Amino acid sequence: MGGISITGATKRGFRAYTLSNYKEIPQIQNFTQEQQEDIGIAARIFPFRVNNYVIDELINWDNVPNDPMFRLTFPNKDMLLPPHYKEMKHLLHTAASEEEVQQAIHKIRLTLNPHPAGQLDKNVPELNGKVLEGMQHKYNETVLFFPTQGQTCHTFCTFCFRWAQFTGMKDLKFASREIETLVSYLQEHPEVKDVLFTGGDPMTMSANLLKRYIEPILEADIRTIENIRIGTKSLSYWPQRFVSDKDSEDILSLFSNVTDHNKHMAIMGHFNHPVELTTDTVKEAIKNIRATGAQIRTQSPLIAHINDDPVIWEQMWREQVRLGCIPYYMFMVRNTGANHYFDTPISKAWEIFQEAYQNVSGLARTVRGPSMSTDPGKINVLGTQEINGEKVFVLEFLQGRDCRWVRKPFFAKYSPTASWLTDLEPAFGKEKFFFENTSTI
Ligand SMILES: *Cc1c(COP(=O)(O)O)cnc(C)c1O
Ligand code: SF4
């Protein structure tokens, strides 16, 4: 798999299970034949990869199948629409050829909006007329960089909006190994303050590889770059990365090196549930990262069956602050993949956010949301209100394709079931939202 392997970790007991070997997981031995098979059926459509730390320390097996960490990491039957489940089961039982099965899988995936909101092919920047694959520049101040070798994760989340890329539906050519072009681009774009390494999970890369991407930015001495960010779920799925992997110390010195260069090292930690914050290893990992001068900001989508309860968010934010992390975003799940299973109406999402937010200290109220990452920008739900007898959602951009849209409140007709911007209509009889004259959704 050239480069796309979990480096470093392997030698210290990292073990991953996928569709090909999941039946060896000790904890599922007492599942019925059908329960085991259902995991396999769902895993044909959606990405599936889970490791021994998640299995042994995060999932409460007494609580399966409703356990949130199990729902988060093991694809399940209900993620498929009933006719799709039936079709897959039938094909697998009638000894259909692998080709037929693959065709059915592809057909089903195409019905699941595999490429939402221009995820990877829009906002691709250019340098001297050449398209820079593996980069995205949508908001003025931040460039996203997708290193080729960081396009996998220690475990896959069942709701992941990048699922198409993990199932091979989308090839990885958008990823980049060209750090020189990134450096040149940053030199030509002084408006960019942040570089955000993302994936997949860049922390699946070895320290050496990660250095090869980050050090050139430091060495080029680009003064306009103030912050280096890494988006990662490794604190949840493999915190050993910052504690006991072969190259953990090198990872931590790389972070120190960034702060020594007078830049902020920001870890954008993806946590979905307070359970992920409870192990000794994650606590030690957080301490080790903070000791380098790096800060950890936390974000998560609101996911039905996993964390759609204000108590969960309250606990999560409070524990994060106690451990020295900074709550940052609550997202709405995107309209892709099994979103019929995972999504939450905007009205309910706002209630969950508000109730949790009301119960935490001001230190945790750095968090913003619920926010939808849409084509025009990150749209935050401020709440509901009744204005001149019309019930409306009050919304604002936290990030906009056009930065002048940011923090300008606007209104949509209230709907108890809408779960995404595309379900919303402008309030007060207007035909368009104010931003629709210059952008398409
Ligand atoms: C969220 C996001 C960013 C970062 O936004 P911040 O609000 O600065 O965290 C940058 N680019 C894209 C495309 C994003 O979706
Ligand atoms: S860790 Fe992030 S990129 Fe990886 S599967 Fe989960 S949500 Fe997707």
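The values are calculated or read from the model by the stated rules, or taken from the named source; none is laboratory data. No experiment lies behind these values; they were computed from the predicted model shown. Backbone-built Cβ (ideal geometry, glycine too); neighbour counts: all protein chains shown. The protein model used for the area step is the full one, side chains on, heavy atoms only, and it has no ligands, DNA or RNA in it. Shrake-Rupley method; radii C 1.70, N 1.55, O 1.52, S 1.80 Å.
Brief remarks follow.
- Local net charge near Lys413, Cβ-Cβ under 14 Å (Lys/Arg +1, Asp/Glu -1): -2
- Placing pseudo-labels 7 Å out from each Cα toward the beta carbon at Lys246 and Leu382 gives an inter-label distance of 5.4 nm.
- Within the accessible area of the stretch 146-242 (1.4 Å probe), percent carbon and sulfur: 46
- Kirkwood hydrodynamic radius of the stretch 304-410, from inverse mean 1/r over distinct Cα pairs, in Å: 14.8
- Only helices enter this figure: runs of n ≥ 4 DSSP H residues, each worth -39500 (n - 2.57), summed and divided by the residues of the chain, yield -8500 deg cm²/dmol at 222 nm to the nearest 500.
- Euclidean distance between Cα centres, the stretch 46-106 to the stretch 188-218, Å: 33
- Across the alpha-carbon set of the stretch 211-352, the Rg to Rh ratio works out to 1.02, Rh being the Kirkwood radius.
- Here the convex hull built on the C-alpha positions of the chain has a volume of 153 cubic angstrom per residue.
- When the Gaussian network model of the chain links Cα atoms closer than 10 Å, the mean-square fluctuations of Ile387, Ile303, Ile352 top out at Ile387.
- Accessible solvent surface per residue of the chain, calculated while the other protein chains remain in place, 1.4 angstrom probe, Å²: 43
- Structural descriptor for the stretch 382-429: relative contact order 30 percent, calculated from alpha carbon pairs under 8 angstrom and at least 6 residues apart.
- Flagged links, alpha-carbon separation over 23 Å, of Lys130/Lys378; Lys130/Lys408; Lys77/Lys122; Lys77/Lys107: Lys130/Lys378; Lys130/Lys408; Lys77/Lys122
- Helix runs (DSSP H) in the chain reaching 20 Å along axis by Cα, Kyte-Doolittle at least -0.5: none
- Net charge, Asn359 excluded, C-beta distance under 9 Å - Lys, Arg +1, Asp, Glu -1: -1
- Extension reserve of the Glu425-Gln102 stretch, reckoned as 0.36 nm per residue once the Cα distance is removed: 112.4 nm
- Surrounding net charge for Asn128, when Lys and Arg each add one and Asp and Glu each subtract one, Cβ distance under 15 Å: -4
- With the biggest extent put first, the Cα atoms of the stretch 128-225 measure 39, 29, 20 Å across the principal axes.
- Fluctuation leader among Thr155, Thr142, Thr204 - the chain, Gaussian network, Cα springs under 10 angstrom: Thr142
- Centre-to-centre separation between the Cα atoms of the stretch 261-326 and those of the stretch 370-386: 23 Å.
- Considering only beta bridges that DSSP places wholly inside the stretch 98-210, some 45 percent are antiparallel.
- For a label point 7 Å along the Cα-to-beta-carbon line of Phe434, residues of the stretch 366-383 with backbone N under 19 Å: 372, 374-383
- In sequence order, the stretch 132-139 has phi-based couplings of 9, 5, x, 9, 9, 9, 10, 9 Hz under the Karplus curve 6.51 cos²θ - 1.76 cosθ + 1.60, θ = phi - 60°, and Gly or Pro positions carry x.
- Value of relative contact order over the stretch 209-334, rounded to a whole percent, pairs C-alpha under 8 Å and six or more apart: 25
- Taking each of Lys23/Lys287; Lys287/Lys348; Lys23/Lys283; Lys233/Lys263 in turn, the alpha-carbon distance tops 24 angstrom for Lys23/Lys287; Lys287/Lys348; Lys23/Lys283.
- Highest-fluctuation residue, Leu132, Leu81, Leu252 considered, GNM on the chain with Cα pairs under 10 Å: Leu81
- When DSSP beta bridges are restricted to pairs lying wholly in the chain, around 45% turn out antiparallel.
- Every pair of different Cα atoms in the stretch 16-110 enters the Kirkwood calculation, which places the hydrodynamic radius at 14.0 Å.
- Relative contact order, whole percent, for the chain stands at 12, derived from Cα pairs under 8 Å and 6 or more residues apart.
- Most tightly packed first, judged by the mean number of other beta-carbon atoms within 10 Å of their residues, the peptides 355-368, 310-323 read 310-323, 355-368.
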